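Q: Please read through the structure below; I'll follow up with questions.
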Amino acid sequence: MSDQKKDPVEETKAYYCVECGKCTGICPVSRGTDYSPRRMVKRALEEPESDVARDPQIWNCLTCKLCGGVCPSDVDYIDFIKMVRSRAVDQGIGGGCSQGGQLSTMARMMARDGLAQSRTSWTKGLDVAQNGEVMYFVGCLPYFDAVFDELRPDTLDIAKSTVKVLNAAGIRPVVSESERCCGHDLLWSGDVESFRTLARQNIKQMKMLGVRKVITSCAECYRTLSRDYKELGADIEVQHISQAALELVGQGRLKVASSDRKVTLHDACRLGRHSGVYEEPREVLKTIAQLVEMPRNRVAASCCGVGAFLMCGANSKRIQLERLNEAGGVAGTLVTECPKCQIHFKCALNDKAIAGPKPPDLEIVDLASLLARSLEAGKK
Amino acid sequence: MKDVLVIGGGVAGIQAALDLAEKGVKVHLVERTPSIGGRMAQLDKTFPTMDCSICILAPKMADCADHPNITVHTCSELTALEGEAGKFRATVLGHARHVDASKCTGCGKCVEACRMKGRIPNEFDFGLRKRGAIYLPFLQAVPRVMNIDDKRCLLLRTGKCGDKQLCKEACERGAIDFDQKDQTVALDVGAVVVATGFDIFDPSGMFEYGYGRFANVRTAMEYERLICASGPTGGHLEVEPTKEHPRSMAFIQCVGARDLRRSPFCCSVCCMYATKEAVLVKEHYPDTECTIFNVDMRALGKGFEEFVDRARDEYGVRFVRARPGQVTEDPGTKKLTVWYEDPELGKVKSMPADIVVLATALVPHPGTAALAKVLGIELDEHMFFKVKDPLMSPVESTRPGVFIAGYCETPKDIPESVAQASGAAARAYEVLAKEKGGAARA
């Protein structure tokens, strides 16, 4: 049975909803708009004829899963939203892409057969393999540098850093010329068909290359490969770079240099609440820097303000500024574990249209980049 | 006639023991902690009559201790129950108090002398007050005998307490006995009444409410101690860090209860005690705003609905149909904000609160499974003791001769616990009477 045919209410047992509104009470979108997750569920339950998929509000959800963690009826609201969006797409309705459709178009292009890509030229000087058991799944990183040029997100640096870290531990990862977008954003925008095409292509490719273990430097790729690909039958071990690095440090294969730099960590929702990975990024950070926690951490962490590049606006900026101020209150460096969190935060940091007090002077850096720097520092 | 064993010295156990003792039966009342009294002793007032809880309970506790037919075994637990209805052999392990109960007068001189004085969180007040290694659990404790916490006493833990043992020196009656050993007693009993009550769900795992991180978020049981005249603050509610009395209070219901991932059942008493707690705030500070967040009001007992009406109409307690999604704290002022969905508007709303009180789930004790094994009785899916037939045998466990009373069977309030305890006592008596009659015929 495909997702489109699944009944969101039946699948998520949303009929257990007691309309307590706890979801709305914690939702970061509700706090800045009229949006109410409870009302969405109520509409699906009580007015099936009105078809909640036609409600433009379904595109407001960030799928950050804060609500899922507090629901007394254990309703997985973000799964509900995912299925409702897929129904909307079936009817030809889609959410607005904050980048004018550029990113989703690229992802859909990658779903085409016979696509010839040139996506490994950045590996020059790094030690990568054409095939083997361990793969580094790069994801959209090389594209982001081009799309978000003005923000200087250094996403390609995340990719290079990840390979550097693996190389330093004696690992020569596969970096594939035929890798395609993991499909995360399409899945969460309701385009399940394109997501599945991408997933099947990637799974097939991994099999052909003899890959058994995939390392990602992106929280979204991590969740998608480890959960959504698994549902499609993928039999691969998936590790986020923080998990791989911690393992390698523990085995004595990776030597890192500690510094007294004070850093704080922003838990990416895909790694944290979606996947339950909270401690490995912290443990590995503690080997290279002085980690201080923000008041909202781990399961309580705030969202970076945008999900799947849908809906970005004043409320997203409010969420981001709140988080940046929270980070600035405890440290001078904010470490991200997902390139998209970094892009969204840097966007808010660089936004000249934001009125009121300016966000604090923060360095925003990815965990992989920080790890690579600690290698160089170790060599000196 | 055979004796009866009652396990648990809360109001249900006390009632069962007194009922049986009055019938001329010898009762062994076994209590895990150093004093009988249980949860009722920790409450400030009872609903809906607003009686002082300990004022009602304390005379019953004293009756238990003084009754010629009741032997109270504190610091004790059941370790084995062999035999069958009418002829059980119970093994009870009594942990050493390290204080000779026959000599101690409860004068408290040892308490003043203890080097650990004021350094150990007091269980009775949920850590809101500190005690020493030798202590009286609470003011009205029965028996009024000091107790040494062997895990915290310097001498018992490390073998050394300065150059001399100050408590021993302070005691004029030579009651302190560091060599006292745990003791096991075997009791021949005809029937058993189990009344072990409940434990309190720890809400620190529910990040959304900030318990344990935010100074002004309290559990309802902590609140009971704080509003109590004999409590840690003498009955004054104090907002951290200013110590001023609260201007606005929020009560959040069903915290960990009616929650499919935690305790799915209704704890049955929280709607009423929250109403009572809000009324108490109003009686102390009439200008303080009180809001109770609950998804529905369960006021099923005698006079309960009227009590809720009075709370709303006469005292001005506000009831909002919602479960708040989050409590946030201003790190500087420690002021709280409660975020919830306004049920009428269908939009998120917030209200400032000086103190937030969480009506945490009341759950079976963590030791329930082990006790059930010792007793040879079954548990239900929520770890409450199972009754043979909830309709027609609501006090009989799944083992003949073992009866159940109070919250440990299923959530219930004080009057229901007392009624069930009297029922269990009557059924236990039946077993003894049958046994006696049988013996006579033989």
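The values are calculated or read from the model by the stated rules, or taken from the named source; none is laboratory data. As the structure is a prediction and not an experimental result, all values here were calculated from the model. Methodologically, a virtual Cβ is constructed for each residue, glycine included, from the backbone with ideal geometry; neighbour enumeration extends over all protein chains shown. When the accessible area is computed, the model is the full protein with side chains, heavy atoms only, and any ligands, DNA or RNA have been set aside. Shrake-Rupley method; radii C 1.70, N 1.55, O 1.52, S 1.80 Å.
Here's the yes/no breakdown for (1) touching a residue at least 60 places away in the same chain (Cβ under 8 Å); (2) under 27 Å from A:ALA244 (Cα atoms); (3) surrounded by 22 or more Cβ atoms within 10 Å (Cβ to Cβ):
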residue: A:GLY94; (1), (2), (3): yes, no, no
residue: A:THR120; (1), (2), (3): no, yes, no
residue: A:ASP149; (1), (2), (3): no, no, no
residue: A:THR162; (1), (2), (3): yes, yes, yes
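Q: So the check is Cβ under 8 Å with 6+ separation or different chains; which pairs have a first residue in region A:337-365 that's at pLDDT 90 or above and a second one that's surrounded by fewer than 16 Cβ atoms within 10 Å (Cβ to Cβ)?
A: Note: pairs meeting the criteria are A:LYS346/A:ARG152; A:LEU362/A:GLY332; A:GLU363/A:GLY332.
Q: If B:VAL189 passes every condition in (1) open to solvent by less than 40 Å² (accessible area, probe 1.4 Å); (2) farther than 30 Å from B:SER422 by Cβ; (3) not in a loop (DSSP other than H, G, I, E, B) but one, which one does it miss?
A: So B:VAL189 meets the others, but not (2).
Q: Could you please give the count of residues in region A:52-64 that are assigned to a loop (DSSP other than H, G, I, E, B) and free of Cβ contacts under 8 Å to residues at least 40 places away in the same chain?
A: So the answer is 1.
Q: Counting only residues that are in a loop (DSSP other than H, G, I, E, B), open to solvent by less than 40 Å² (accessible area, probe 1.4 Å) and within 14 Å of another protein chain (Cβ to nearest Cβ), which one in region B:309-329 is farthest from B:GLU289 (Cα to Cα)?
A: Per the stated criteria, the residue is B:GLY325.
Q: Which of the residues spanning region B:192-211 are outside any loop (DSSP other than H, G, I, E, B) and either more than 14 Å from chain A (Cβ to nearest Cβ) or in contact with a Pro (Cβ under 7 Å, 6 or more places away or on another chain) (or both)?
A: B:VAL192, B:VAL193, B:VAL194, B:ASP199, B:ILE200, B:TYR209, B:TYR211
Q: When the residues of region B:239-256 are filtered to those that are assigned to a strand (DSSP E or B) and surrounded by fewer than 23 Cβ atoms within 10 Å (Cβ to Cβ), which remaining residue is farthest from the other protein chains (Cβ to nearest Cβ)?
A: B:GLU244
Q: Next question. If you check A:ILE93 against the conditions, is it in a loop (DSSP other than H, G, I, E, B), of a type outside the set (Lys, Arg) and away from chain B (no Cβ under 14 Å)?
A: yes
Q: Taking the criterion of being more than 13 Å from chain B (Cβ to nearest Cβ), in contact with a helix residue (DSSP H, G or I) (Cβ under 7 Å, 6 or more places away or on another chain) and free of Cβ contacts under 8 Å to residues at least 60 places away in the same chain, would at least one residue in region A:21-40 satisfy it?
A: no
Q: Can you confirm whether B:SER230 is open to solvent by less than 40 Å² (accessible area, probe 1.4 Å), polar (S, T, N, Q) and touching a residue at least 60 places away in the same chain (Cβ under 8 Å)?
A: No.
Q: Restricting to region A:21-51, give me the number of residues that are outside any loop (DSSP other than H, G, I, E, B) and crowded, with 24+ Cβ neighbours inside 10 Å.
A: Residues in region A:21-51 being outside any loop (DSSP other than H, G, I, E, B) and crowded, with 24+ Cβ neighbours inside 10 Å: 10 in total.
Q: Now for a separate question. Do you know which residues across region A:62-88 are away from chain B (no Cβ under 14 Å) and under 22 Å from the mean Cα position of the chain (by Cα)?
A: Of everything in region A:62-88, those that are away from chain B (no Cβ under 14 Å) and under 22 Å from the mean Cα position of the chain (by Cα) turn out to be A:LEU62, A:THR63, A:ILE78, A:ASP79, A:PHE80, A:ILE81, A:LYS82, A:MET83, A:VAL84, A:ARG85, A:SER86.
Q: Just give me the residues in region B:382-427 being out of contact with any His (no Cβ under 9 Å at 6 or more places or on another chain) and on the phi > 0 side of the Ramachandran plot, in sequence order.
A: B:GLY401, B:GLY406, listed by residue number.
Q: Out of region A:293-338, which residues are assigned to a loop (DSSP other than H, G, I, E, B), over 19 Å from A:PRO153 (Cβ atoms) and within 14 Å of chain B (Cβ to nearest Cβ)?
A: Within region A:293-338, A:GLU293, A:MET294, A:PRO295, A:ARG296, A:ASN297, A:ALA301, A:SER302, A:GLY329, A:VAL330 meet the criteria.
Q: Something else: Return only the number of the condition from (1) more than 11 Å from chain A (Cβ to nearest Cβ); (2) touching a strand residue (DSSP E or B) at 6+ places or on another chain (Cβ under 7 Å); (3) of a type in the set (Lys, Arg) that B:LYS349 does not satisfy.
A: Of everything listed in (1) more than 11 Å from chain A (Cβ to nearest Cβ); (2) touching a strand residue (DSSP E or B) at 6+ places or on another chain (Cβ under 7 Å); (3) of a type in the set (Lys, Arg), B:LYS349 misses just condition (1).
Q: Quickly run through region A:289-326 and pick out the residues that are open to solvent by 30 Å² or more (accessible area, probe 1.4 Å), modelled with pLDDT of 95 or more and either over 28 Å from B:TYR211 (Cα atoms) or of a type in the set (Val, Ile, Thr) (or both).
A: Once the filter is applied, which keeps residues that are open to solvent by 30 Å² or more (accessible area, probe 1.4 Å), modelled with pLDDT of 95 or more and either over 28 Å from B:TYR211 (Cα atoms) or of a type in the set (Val, Ile, Thr) (or both), region A:289-326 yields A:VAL292, A:VAL299.
Q: Return the total of residues in region A:1-18 being within 13 Å of another protein chain (Cβ to nearest Cβ) and either crowded, with 19+ Cβ neighbours inside 10 Å or in contact with a Gly (Cβ under 8 Å, 6 or more places away or on another chain) (or both).
A: Residues that pass the stated criteria total 3.
Q: Of all the helices (runs of 4 or more DSSP H) wholly in region A:167-277, which have at least 2 residues that are open to solvent by 10 Å² or more (accessible area, probe 1.4 Å)?
A: The qualifying helices (runs of 4 or more DSSP H) are A:192-209, A:219-223, A:241-250.
Q: Which of the following residues is surrounded by 15 or more Cβ atoms within 10 Å (Cβ to Cβ) and touching a helix residue (DSSP H, G or I) at 6+ places or on another chain (Cβ under 6 Å): B:VAL395, B:VAL338?
A: Only one candidate passes the filter, namely B:VAL395.
Q: Taking region B:352-366 only, how many residues are away from chain A (no Cβ under 14 Å) and part of a strand (DSSP E or B)?
A: Final tally of qualifying residues: 5.
Q: A follow-up question, please. When the residues of region B:259-278 are filtered to those that are touching an Asp or Glu at 6+ places or on another chain (Cβ under 9 Å) and open to solvent by less than 10 Å² (accessible area, probe 1.4 Å), which remaining residue is nearest to B:GLY197 (Cα to Cα)?
A: Out of the qualifying residues, it is B:MET272.
Q: Across region B:286-307, which residue is nearest to the other protein chains (Cβ to nearest Cβ) among those that are closer than 25 Å to B:TRP339 by Cβ and open to solvent by 30 Å² or more (accessible area, probe 1.4 Å)?
A: Top of the filtered list is B:ASP296.
Q: Please state which one of B:HIS73, B:HIS98, B:HIS67 is closer than 14 Å to B:TYR135 by Cα and of a type outside the set (A, V, I, L, M, F, W, C).
A: Going through B:HIS73, B:HIS98, B:HIS67 in turn, the sole match is B:HIS98.
Q: Name the single residue that is nearest to the chain's Cα centre (by Cα) among those in region B:367-398 being touching a residue at least 40 places away in the same chain (Cβ under 8 Å) and either within 16 Å of B:GLY86 (Cα to Cα) or assigned to a strand (DSSP E or B) (or both).
A: B:PHE385
Q: Within 14 Å of chain A (Cβ to nearest Cβ), touching a helix residue (DSSP H, G or I) at 6+ places or on another chain (Cβ under 8 Å), modelled with pLDDT under 95 and surrounded by fewer than 21 Cβ atoms within 10 Å (Cβ to Cβ): does that describe B:GLY332?
A: No.
Q: Let me confirm something: among A:SER259, A:SER189, which residue is of a type in the set (Ser, Thr, Tyr), in contact (Cβ under 8 Å) with a residue 24 or more places away in the chain and over 24 Å from A:ILE364 (Cβ atoms)?
A: Exactly one residue qualifies, and that residue is A:SER189.
Q: Only one of these conditions is not met by A:SER50: (1) more than 9 Å from chain B (Cβ to nearest Cβ); (2) within 22 Å of B:ILE252 (Cβ to Cβ). Which number is it?
A: Only one criterion in (1) more than 9 Å from chain B (Cβ to nearest Cβ); (2) within 22 Å of B:ILE252 (Cβ to Cβ) is unmet by A:SER50, namely (2).
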